[in-house]
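The values are calculated or read from the model by the stated rules, or taken from the named source; none is laboratory data. Owing to the predicted nature of the structure, the values given are computational and were not obtained by experimental measurement. All Cβ positions, glycine included, derive from the backbone under ideal geometry; neighbour counts span all protein chains shown.
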Amino acid sequence: MDLSYRGLHATPVARPMRRERLTLGLACSLNWGPLRRLIGTYRVQAPEIDLIVEDLDDQGLADRVEGRGVDLAVALHDAGVPGWRSAPLWSEPLMAYMAEGHPLAADNAVRPEQLRETHLLMAGNGSGDRALQQAIMRALGGPPNFLHYAVQRDNLLDLVSLGFGVTLAGGSAMGAFYPGVCARPLESDAGWLSYCGFWAADNEGPALRRFLELRDA
């Protein structure tokens, strides 16, 4: 019996192609705003790319961008580091959030000097929101009394609703419903938050370029 394999040809097995991935690090809210629309559009127009989203704060921003742990970080303008590439994304008003019935809720807007005289609740331990603190100090014309709680932004607004105090955040926070919380605009020409996209100078990935192109679409 001839057991030779002459004349037989193995059929190559196609290996699945590795999918492209884009990792976004967000130091902002997705409750409302241009970034929410941009992410939704990207997922529709680039279904072949795995879009990964993770929370990020100022403390982890440098390591994650430089080490390419995230392809694009979305954060306040002041959080940028020299040498990074950046692109402006959007601006939103800085708003004061307080419990319904709070004395500051009686007026249509809040004056900066009123907020410099009260405790301003902030989320985290103070090391992860330095850019936000700088924006608040500019808007108020001086440093207020920051009071940090080791909670996330959503839990901080729950504390606001319970009467723990007042906090300042971007208008995008109004995209979610927080029972017992009301918002008032800030009477300040500097009362705006400007967000940018940041990425490492050597990051030229096509998935990143495609995301940035949609920004101007």
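Rundown of residues vs (1) surrounded by fewer than 16 Cβ atoms within 10 Å (Cβ to Cβ); (2) at pLDDT below 90; (3) closer than 25 Å to Arg210 by Cβ; (4) not aliphatic (A, V, I, L, M), yes/no style:
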{"position": "Leu8", "(1), (2), (3), (4)": "yes, yes, no, no"}
{"position": "Pro16", "(1), (2), (3), (4)": "yes, yes, yes, yes"}
{"position": "Glu20", "(1), (2), (3), (4)": "yes, no, yes, yes"}
{"position": "Ser29", "(1), (2), (3), (4)": "no, yes, yes, yes"}
{"position": "Val110", "(1), (2), (3), (4)": "no, no, no, no"}
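Being within 30 Å of Val160 (Cβ to Cβ), of a type in the set (D, E, K, R) and either over 12 Å from the mean Cα position of the chain (by Cα) or at pLDDT below 90 (or both), is that true of even one residue in segment 96-107? Checking segment 96-107: at least one residue is within 30 Å of Val160 (Cβ to Cβ), of a type in the set (D, E, K, R) and either over 12 Å from the mean Cα position of the chain (by Cα) or at pLDDT below 90 (or both). Every condition in (1) among the aromatic types (Phe, Trp, Tyr); (2) more than 24 Å from Pro88 (Cα to Cα); (3) at pLDDT 95 or above is met by Trp199 except one, and the failing one is (2).
Checking segment 142-149 against the condition returns a match, with at least one residue being in a loop (DSSP other than H, G, I, E, B) and surrounded by fewer than 16 Cβ atoms within 10 Å (Cβ to Cβ). Name the residues in segment 62-80 that are modelled with pLDDT under 90 and either touching a Leu at 6+ places or on another chain (Cβ under 9 Å) or part of a helix (DSSP H, G or I) (or both), would you? Of everything in segment 62-80, those that are modelled with pLDDT under 90 and either touching a Leu at 6+ places or on another chain (Cβ under 9 Å) or part of a helix (DSSP H, G or I) (or both) turn out to be Ala62, Asp63, Glu66. Scanning segment 106-128 for residues that are in a loop (DSSP other than H, G, I, E, B) and in contact with a helix residue (DSSP H, G or I) (Cβ under 6 Å, 6 or more places away or on another chain) yields a total of 2. Tallying residues that are touching a helix residue (DSSP H, G or I) at 6+ places or on another chain (Cβ under 7 Å) and under 18 Å from Asn31 (Cα atoms) within segment 185-194 yields 2.
Could you list, in sequence order, the residues of segment 150-161 that are surrounded by 15 or more Cβ atoms within 10 Å (Cβ to Cβ) and part of a helix (DSSP H, G or I)? Once the filter is applied, which keeps residues that are surrounded by 15 or more Cβ atoms within 10 Å (Cβ to Cβ) and part of a helix (DSSP H, G or I), segment 150-161 yields Arg153, Leu156, Leu157, Asp158, Leu159, Val160, Ser161.
Condition check ((1) outside any strand (DSSP E or B); (2) hydrophobic (A, V, I, L, M, F, W, C); (3) in contact (Cβ under 8 Å) with a residue 60 or more places away in the chain) across all residues:
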{"residue": "Ala173", "(1), (2), (3)": "yes, yes, yes"}
{"residue": "Cys182", "(1), (2), (3)": "no, yes, yes"}
{"residue": "Pro185", "(1), (2), (3)": "no, no, yes"}
{"residue": "Leu193", "(1), (2), (3)": "no, yes, yes"}
{"residue": "Gly197", "(1), (2), (3)": "no, no, yes"}
{"residue": "Asn203", "(1), (2), (3)": "yes, no, yes"}
{"residue": "Phe211", "(1), (2), (3)": "yes, yes, yes"}
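For segment 138-153, state whether one or more residues are under 29 Å from Arg68 (Cβ atoms), not assigned by TED's automatic domain parsing to the domain that holds Ile49 and not small (Gly, Ala, Ser). Yes - at least one qualifying residue is present in segment 138-153. Being at pLDDT 95 or above, surrounded by fewer than 17 Cβ atoms within 10 Å (Cβ to Cβ), of a type in the set (Gly, Ala, Ser) and within 26 Å of Val181 (Cα to Cα): is that true of Ala139 here? No; evaluated as a whole, the condition is false for this residue.
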